[in-house]
Amino acid sequence: MQKKIVGIRDERGFTLIEIIMVIVLLGIIAAIAIPKYIDLKSSAVTATVEGLKGGIVSSASIGYADIAINGYYSNAATYPNGSDLNSSYLSSDDLTFVNSTDPTCFTATVGGSTYTFTYYQGSGGVDYTSS
């Protein structure tokens, strides 16, 4: 004689509702996380480019102080020219000096884009463009 127990079922797997709920939750998490990751990546590229710009400006300031203190040129109150900035004050594996008729340009590849930094000797300032 077989006994039947009412209300107890064989629970060996997940129900369809449980699986659907897990998929929906993973979709919600992905919908929130992916845009955050993309924003984080673009913020990192911007921070890197601004850091390289700051490095050039700092090198120019060091060169300005060195020239003013040691009087390397007849005009002691000047920033170093692009060639001197590159050879004496700026040391970076990320920046490449552009050997052209304009010795004030540097390039760097950040996040898959190439940025061109233009150094202004008169003010020691730097601008950059993306290409």
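The values are calculated or read from the model by the stated rules, or taken from the named source; none is laboratory data. No experiment lies behind these values; they were computed from the predicted model shown. So basically every Cβ, Gly included, is an ideal-geometry build from the backbone, and we count neighbours across all protein chains shown.
Look at residue 23 and say whether it is modelled with pLDDT of 90 or more, assigned to a helix (DSSP H, G or I) and of a type in the set (A, V, I, L, M, F, W, C).
yes
Which of the residues belonging to region 92-131 are β-branched (Val, Ile, Thr), part of a strand (DSSP E or B) and crowded, with 17+ Cβ neighbours inside 10 Å?
Quick first cut of region 92-131, residues β-branched (Val, Ile, Thr) only: 96, 98, 101, 104, 107, 109-110, 114, 116, 118, 126, 129.
Narrowing the set further to residues that are part of a strand (DSSP E or B) leaves 96, 107, 109-110, 114, 116, 118, 126, 129.
Within region 92-131, 110, 126 meet the criteria.
Take residue 79 and tell me if it is of a type in the set (Ser, Thr, Tyr), crowded, with 16+ Cβ neighbours inside 10 Å and at pLDDT below 85.
yes
Any residue at all in region 66-73 that's exposed (fewer than 12 other Cβ atoms within 10 Å of the Cβ), hydrophobic (A, V, I, L, M, F, W, C) and not in a loop (DSSP other than H, G, I, E, B)?
Within region 66-73 (the criterion being exposed (fewer than 12 other Cβ atoms within 10 Å of the Cβ), hydrophobic (A, V, I, L, M, F, W, C) and not in a loop (DSSP other than H, G, I, E, B)), the answer is yes, since at least one residue qualifies.
Residues in region 28-46: is at least one surrounded by 12 or more Cβ atoms within 10 Å (Cβ to Cβ) and aromatic (Phe, Trp, Tyr)?
no
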